[in-house]
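The values are calculated or read from the model by the stated rules, or taken from the named source; none is laboratory data. Bear in mind the structure is a predicted one, so any value in this text is a computation, not a measurement. Cβ placement follows ideal geometry from the backbone for every residue including glycine, while neighbour counts extend to all protein chains displayed.
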Amino acid sequence: MKKNIQENIQNLFQPTFGNRPEQYIGRDGVIQQFMLGLNEPIGSRDRCTLFLGQRGMGKTALLLELGDRAQRAGYVVARVTAHEGMPKAIIEQFQLNGSKYFDDEKRKLTDVTSRVLGFSFGLTFSESAERQFGFRSKMSLLCDKLADKGMGALILIDEVCTSAAMREVAAAYQELVGDRKNVAIAMAGLPYAVSNLLNDKVLTFLNRATKVELGLISTNLIRAYYEKSFKSIKIEASDNILDRAALASRGFPYLMQLIGYYVIQYTPERGVVTDAIMDKVEKAAMGDMEDNVFKPILNPLSDNDKILLMAIARCGGTATTAKLQAMLGRKGPAIQPYRKRLIEAGVIESPRRGELVFAMPYLSEYLLEHEI
Ligand SMILES: Nc1ncnc2c1ncn2[C@@H]1O[C@H](COP(=O)(O)OP(=O)(O)OP(=O)(O)O)[C@@H](O)[C@H]1O
Ligand SMILES: [Mg+2]
């Protein structure tokens, strides 16, 4: 029993980027829509989805979650980030993750039919296929081989951008779909990572994908998760403390993890979470937010970018272009170019025409406090 609690304590909250959370909270609808899409006919729009969200909003965690679920639904999954070696990495991932379904073939090294199909055994290509074929042909062979076992192929691309490697994968995907191969694709990226107009072919592909925006998650669900998690490790938290912890997260997934993590760190074993503990928790969590979220996004900005940001912060975190213009006066920087750059950098968003807000919670307070 003791060991179980210890393991639980270590796993419950892990405030690091790119990990697989113990439980993925608050995106049931998004997950369900994607999983239903996998049952749609090959080539349907929902089988090619693009998830967009700011830093720390849970894009990588979502791809991991979808990968696990798709695997249980009969897909072999290749998960990559969109770097230049991506096509090769996708093939390798399929071979690595799919080989366990072909264990029985290892013995049949001399099997002539599988050689004819381009494989020497399992998902390993024959020497000539390896040499002659490019990404699209190899994918086609892999899809056929997986189809023999009744399985599909799901490609997960994180940190999507408009690069040459993306163009190759996008073109291959469209051709594979044209050949009726059971392939699906889920991509994730920053909202403006896909606004680079230089590479219009990739852009057309991305624009045709089903787009899903990942925003803040419900603080009610976060509260329920805190309640369940603390109970499971025998930490006592009153209704007020649970409210306080959930509201302090403001629905931002990374902060949700940080707060849960520090509550466990600062509360004695089988102890009670007090307001004094929560003060310490919030301070530590904000320290990590500063180091891992705010500073990295603010450091590359210019002085004029920062002047505009400070003006938005002084407006209470929501500002209209007209109000900013009035605040900065005629001598201030022209708003439009900075506005565009800051939106592309994921610092601010424009939820409505003419209106600007910060892209993540607490950034406004941080700026006012530190007068950057
Ligand atoms: N829905 C969720 N439920 C529980 N934890 C989550 C959820 N979404 C994200 N997290 C946690 O929040 C943190 C940040 O998530 P993640 O690394 O997926 O963000 P990201 O959007 O990929 O960020 P970046 O743009 O910097 O890559 C991780 O610790 C992750 O486990
Ligand atoms: Mg990520």
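Within segment 16-41, the residues that satisfy the criterion of being more than 9 Å from ligand 1 (Cβ to nearest atom) and not charged (D, E, K, R) are GLY29, VAL30, ILE31, GLN32, GLN33, PHE34, MET35, LEU36, GLY37, LEU38, ASN39, PRO41.
Quick one: is THR16 within 15 Å of ligand 2 (Cβ to nearest atom), in a helix (DSSP H, G or I) and among the hydroxyl-bearing types (Ser, Thr, Tyr)? Quick ask: steps written out before the conclusion?
Values: within 15 Å of ligand 2 (Cβ to nearest atom): yes; in a helix (DSSP H, G or I): no; among the hydroxyl-bearing types (Ser, Thr, Tyr): yes.
No; evaluated as a whole, the condition is false for this residue.
Hey, any hits in segment 50-61 for a residue that's away from ligand 2 (no atom under 16 Å from the Cβ) and at pLDDT below 95? Within segment 50-61, not a single residue is away from ligand 2 (no atom under 16 Å from the Cβ) and at pLDDT below 95.
Results for (1) hydrophobic (A, V, I, L, M, F, W, C); (2) in contact with a His (Cβ under 9 Å, 6 or more places away or on another chain); (3) in the same structural domain as GLY56 (by TED's automatic domain parsing); (4) over 29 Å from LEU258 (Cα atoms), shown as yes or no for each residue.
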{"position": "ILE312", "(1), (2), (3), (4)": "yes, no, no, no"}
{"position": "LYS323", "(1), (2), (3), (4)": "no, no, no, yes"}
{"position": "ILE335", "(1), (2), (3), (4)": "yes, no, no, yes"}
{"position": "ARG353", "(1), (2), (3), (4)": "no, no, no, yes"}
{"position": "ALA359", "(1), (2), (3), (4)": "yes, no, no, no"}
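For segment 162-193, the candidate set comprises residues that are over 15 Å from MET86 (Cβ atoms) and within 16 Å of ligand 1 (Cβ to nearest atom); within that set, the residue that is surrounded by the most Cβ atoms within 10 Å (Cβ to Cβ) is LEU190. Being over 25 Å from PRO351 (Cα atoms), out of contact with any Gly (no Cβ under 7 Å at 6 or more places or on another chain), at pLDDT 95 or above and more than 16 Å from ligand 1 (Cβ to nearest atom) narrows it down to one of ARG244, ARG270, so name that one. The unique qualifying residue is ARG244.
Filtering segment 153-160 for residues that are within 24 Å of PHE51 (Cα to Cα), surrounded by fewer than 19 Cβ atoms within 10 Å (Cβ to Cβ) and in contact (Cβ under 8 Å) with a residue 40 or more places away in the chain leaves a non-empty set.
Can you tell me which residues in segment 146-196 are at pLDDT below 95, among the charged types (D, E, K, R) and touching a Ser or Thr at 6+ places or on another chain (Cβ under 7 Å)? GLU159, the sole residue that qualifies. For segment 73-92, the count of residues that are under 29 Å from PHE252 (Cβ atoms), out of contact with any strand residue (DSSP E or B) (no Cβ under 6 Å at 6 or more places or on another chain) and in a helix (DSSP H, G or I) is zero.
Taking each residue of segment 166-183 that is in the same structural domain as VAL194 (by TED's automatic domain parsing) and looking for partners that are among the acidic types (Asp, Glu) and assigned to a helix (DSSP H, G or I) with beta-carbon atoms closer than 7 Å, six or more apart or interchain, yields nothing. Only one of the numbered conditions (1) in contact (Cβ under 8 Å) with a residue 60 or more places away in the chain; (2) in contact with a Ser or Thr (Cβ under 8 Å, 6 or more places away or on another chain); (3) within 16 Å of ligand 2 (Cβ to nearest atom) is not met by GLY26, and that is (3).
Being in contact (Cβ under 8 Å) with a residue 60 or more places away in the chain, within 21 Å of PHE17 (Cα to Cα) and in contact with a strand residue (DSSP E or B) (Cβ under 7 Å, 6 or more places away or on another chain), is that true of even one residue in segment 222-236? So far as segment 222-236 goes, no, none of its residues is in contact (Cβ under 8 Å) with a residue 60 or more places away in the chain, within 21 Å of PHE17 (Cα to Cα) and in contact with a strand residue (DSSP E or B) (Cβ under 7 Å, 6 or more places away or on another chain). The residues of segment 267-288 that are assigned to a helix (DSSP H, G or I) and more than 21 Å from GLN6 (Cβ to Cβ), listed by number, are ASP275, ALA276, MET278, ASP279, LYS280, GLU282, LYS283, ALA284, ALA285, MET286, GLY287, ASP288. There is at least one residue in segment 43-65 that is in a loop (DSSP other than H, G, I, E, B), away from ligand 1 (no atom under 16 Å from the Cβ) and in contact with a helix residue (DSSP H, G or I) (Cβ under 9 Å, 6 or more places away or on another chain).
Among the residues making up segment 47-70, a single one is acidic (Asp, Glu) and either crowded, with 18+ Cβ neighbours inside 10 Å or out of contact with any strand residue (DSSP E or B) (no Cβ under 9 Å at 6 or more places or on another chain) (or both): GLU65.
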